[in-house]
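A.B. asks: Dumping the structure here so I can ask a few things about it.
The values are calculated or read from the model by the stated rules, or taken from the named source; none is laboratory data. Nothing here was measured: the structure is a model prediction, and the numbers come from that model. Methodologically, a virtual Cβ is constructed for each residue, glycine included, from the backbone with ideal geometry; neighbour enumeration extends over all protein chains shown.
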Amino acid sequence: AKVRHYNFNVEYFFKSVDCVESLVMGINGQFPGPTIRAEVGDTIQVAVTNKLSTEGTAIHWHGIRQYGTPWADGTVYVTQCPINPGETFHYKFKLDKAGTFFYHGHNALQITGGLYGSIIVDLPKGEKEPFEYDDEINLLLSDWWHKSIQEQEVGLTAHFENFRWVWEAQSILINGRGQFGCSLGANFINHTLPVCQFKGDEDCAPYILSVLPNKTYRIRIASVTSLLSLNLAISNHKMVVVESDGHYVEPFTVDKIDIYSGESYSVLLTTDQNPNQNYWISVGHRDDNVSTTPALTLLNYQNISDSILPSFPPPVTPPWYDVEERKVFSRKVVALKGTPQPPKYSQRRIVLIGMQDVIDGYLKWSMNGISLELPTTPYLGSMKFNIKNAFDWQDPPENYPEDYDIYNPTTYHNSTVSNMVYKFEMNQVVDVILQNCNSYALNSTGFHPWHLHGHDFWVLAYGDGKFKDGDEKLFNLENPPLKNSVVVFPYSWTAIRFRADNPGVWLFHCHMEPHFHTGMGVVFAEGVQYVKGIPEQALACGLTAEMLMNKGDSQ
Ligand code: C2O
Ligand code: CU
């Protein structure tokens, strides 16, 4: 195993990522940031320097569990203080498993701003994946907005009368490239737009997948969207899904995949079609009332020029309301034989309902009536050093009112803004049932992709309607997939199980940035007394900064 060093300078610069110039938050002048590629067991050291000048930052290594290094999880006010402008923070962590991951900013709306990049972890040399391929291609998917993240943030957190929703993304990006104001498929899908013309060296020229005939490619696909739920399809080609969130799955064949923010997949694609033409790759969204055009690029067989557009229309993204079809896809994802099975029983069950309501004049999300607002002293330090007034130490509710009507706007108006923590016994087996219900407006609901830090979990079931006693019989204890991100469907529930075996403080939240930013998350903690080696810099704000100063006085 190696130690790999990286220097990341986080900075704003101008770039036309979708053919319209705007500010992008990138790393070392690159957008998306540099790819971290390493092997299982390697130690990664990243010196992150904040060159943003007006805002703090931190980088989260999404899907890396941080065993023994909870302080390196990169979550502002959970595991560390924000890295202030001009400062450098030294992350150090070990890669515990192979797979497709990514990193991203974890302060305010910095994902929306463009702060992300890929992490690819290979098996150690000599070890084999349970499938074969000749070559691989990496696709990092995201959505892009022309409105600045400052403007979006102010709109989202304004008093209810002045609240401004972020509305729709202007474009969908494939490896940081999109096309606004033109479309490669304009002749087929949107006759009001011109067909894009590229020389090939533009910032917004599509990322073309060049392949050789009769080979098998592993395509790694990860989504770090701010909001959009995506669907990827390649004309004339099937895909065999083999990995999700860094775990092998029982291979299954599809012609399109749904991918929610926070998830990753690997698919195998065999180039067995007529090599004398190119094929569409289409990444559309599946959201309601959103007209963002799909991102299009080409699967280019190297026999022919990569500028020849197919003579047939690109694949059509299925409509948002086809929830059943989306559930069918999600339920197909099961663990490959040999994957660790979940414990047969759980020791604790937390049922979390995600409600949207106006709380004290602000439109917020809350879980069981608690809208998460992070404290200004990171939890990891305040829990480790027992600082009593750093946050509310009360236990948050484990359930919601039994008579709650999930199909209508809430009548429960007692929600509050808080920063309570769910505290687990070390190694406790925990079930969480995520319950979806009607949002603020009548007949409105949505999809929420939830991500857990510090752990992988088994997805036991996607159930319909309201979870009730006895629904445990629907749990798949045989071959549930291990994942770190999972979607909750409209008016439905999702059940997960995990072992609280990683000392630290961990966020569990909706990965849609505007939702998390308005309260849709909870905080879990276990074994914080065992945490060692928190760097002082991670503590140098709020009440832990005072603690450090007092310690200095007494020396
Ligand atoms: Cu990728 Cu807390 O998220
Ligand atoms: Cu959400």
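A.B. asks: Tell me the strands (runs of 3 or more DSSP E) entirely within the range 258-330 that contain at least 2 residues that are aromatic (Phe, Trp, Tyr).
C.D. replies: 279-285
A.B. asks: If we keep just the residues of the range 326-365 that are of a type in the set (S, T, N, Q) and closer than 26 Å to Asp395 by Cβ, which is nearest to ligand 2 (Cβ to nearest atom)?
C.D. replies: Gln356
A.B. asks: Out of the residues in the range 354-403 that are of a type in the set (D, E, K, R) and in a strand (DSSP E or B), state the one that is surrounded by the fewest Cβ atoms within 10 Å (Cβ to Cβ).
C.D. replies: Asp357
A.B. asks: Among (1) buried (at least 24 other Cβ atoms within 10 Å of the Cβ); (2) more than 24 Å from Arg177 (Cα to Cα), there is one condition Asn214 misses while meeting the rest; what is its number?
C.D. replies: (1)
A.B. asks: So which helices (runs of 4 or more DSSP H) stay within the range 449-555 end to end and still have 3 or more residues that are under 21 Å from Tyr422 (Cα atoms)?
C.D. replies: Helices (runs of 4 or more DSSP H) meeting the threshold: 513-517.
A.B. asks: Follow-up. What residue, among those in the range 434-444 that are surrounded by fewer than 22 Cβ atoms within 10 Å (Cβ to Cβ) and closer than 22 Å to Asp258 by Cβ, is nearest to ligand 1 (Cβ to nearest atom)?
C.D. replies: It comes out as Ser439.
A.B. asks: Regarding the range 418-427, can at least one residue be identified that is outside the structural domain of Leu230 (by TED's automatic domain parsing), away from ligand 2 (no atom under 16 Å from the Cβ) and within 27 Å of Val333 (Cα to Cα)?
C.D. replies: Scanning the range 418-427, I find at least one residue that is outside the structural domain of Leu230 (by TED's automatic domain parsing), away from ligand 2 (no atom under 16 Å from the Cβ) and within 27 Å of Val333 (Cα to Cα), so the answer is yes.
A.B. asks: Also, I was wondering about something else. Can you spot a residue in the range 121-141 that is within 16 Å of ligand 1 (Cβ to nearest atom), surrounded by 16 or more Cβ atoms within 10 Å (Cβ to Cβ), of a type in the set (S, T, N, Q) and modelled with pLDDT of 95 or more?
C.D. replies: The answer is no; no qualifying residue exists.
A.B. asks: Please return the ranges of strands (runs of 3 or more DSSP E) entirely within the range 116-229 where 3 or more residues are among the hydrophobic types (A, V, I, L, M, F, W, C).
C.D. replies: 116-122, 135-144, 171-174, 216-223
A.B. asks: Still on this structure: Could you check Val76 against (1) among the β-branched types (Val, Ile, Thr); (2) in contact (Cβ under 8 Å) with a residue 60 or more places away in the chain; (3) within 30 Å of Tyr248 (Cβ to Cβ); (4) away from ligand 2 (no atom under 16 Å from the Cβ) and say which number it fails?
C.D. replies: It is condition (3) that Val76 fails.
A.B. asks: Continuing with this model, one more query. Can we say Tyr301 is more than 26 Å from the chain's Cα centre (by Cα) and in the same structural domain as Gln197 (by TED's automatic domain parsing)?
C.D. replies: Taking the combined requirement at face value, the residue satisfies it.
A.B. asks: Another question, then. Among the listed residues Val459, Val486, identify the single one that is modelled with pLDDT of 95 or more, within 16 Å of ligand 1 (Cβ to nearest atom) and at negative phi.
C.D. replies: Val486
A.B. asks: Now a separate question. Would you be able to say whether some residue in the range 402-419 is out of contact with any His (no Cβ under 7 Å at 6 or more places or on another chain), under 20 Å from Gln80 (Cβ atoms) and not acidic (Asp, Glu)?
C.D. replies: yes
A.B. asks: I'd like to check something: does the range 422-429 contain any residue that is buried (at least 20 other Cβ atoms within 10 Å of the Cβ), modelled with pLDDT of 95 or more and within 27 Å of Thr544 (Cα to Cα)?
C.D. replies: The answer is yes, given that some residue of the range 422-429 is buried (at least 20 other Cβ atoms within 10 Å of the Cβ), modelled with pLDDT of 95 or more and within 27 Å of Thr544 (Cα to Cα).
A.B. asks: Quick check: is even one residue across the range 192-211 buried (at least 19 other Cβ atoms within 10 Å of the Cβ) and small (Gly, Ala, Ser)?
C.D. replies: no
A.B. asks: Still on this structure: Can you name every residue in the range 506-523 that is more than 12 Å from ligand 1 (Cβ to nearest atom) and of a type in the set (Val, Ile, Thr)?
C.D. replies: Once the filter is applied, which keeps residues that are more than 12 Å from ligand 1 (Cβ to nearest atom) and of a type in the set (Val, Ile, Thr), the range 506-523 yields only Thr518.
A.B. asks: Within the range 82-98, restricting attention to residues that are at negative phi and in a loop (DSSP other than H, G, I, E, B), which residue is surrounded by the most Cβ atoms within 10 Å (Cβ to Cβ)?
C.D. replies: For the range 82-98, the residue satisfying everything is Leu95.
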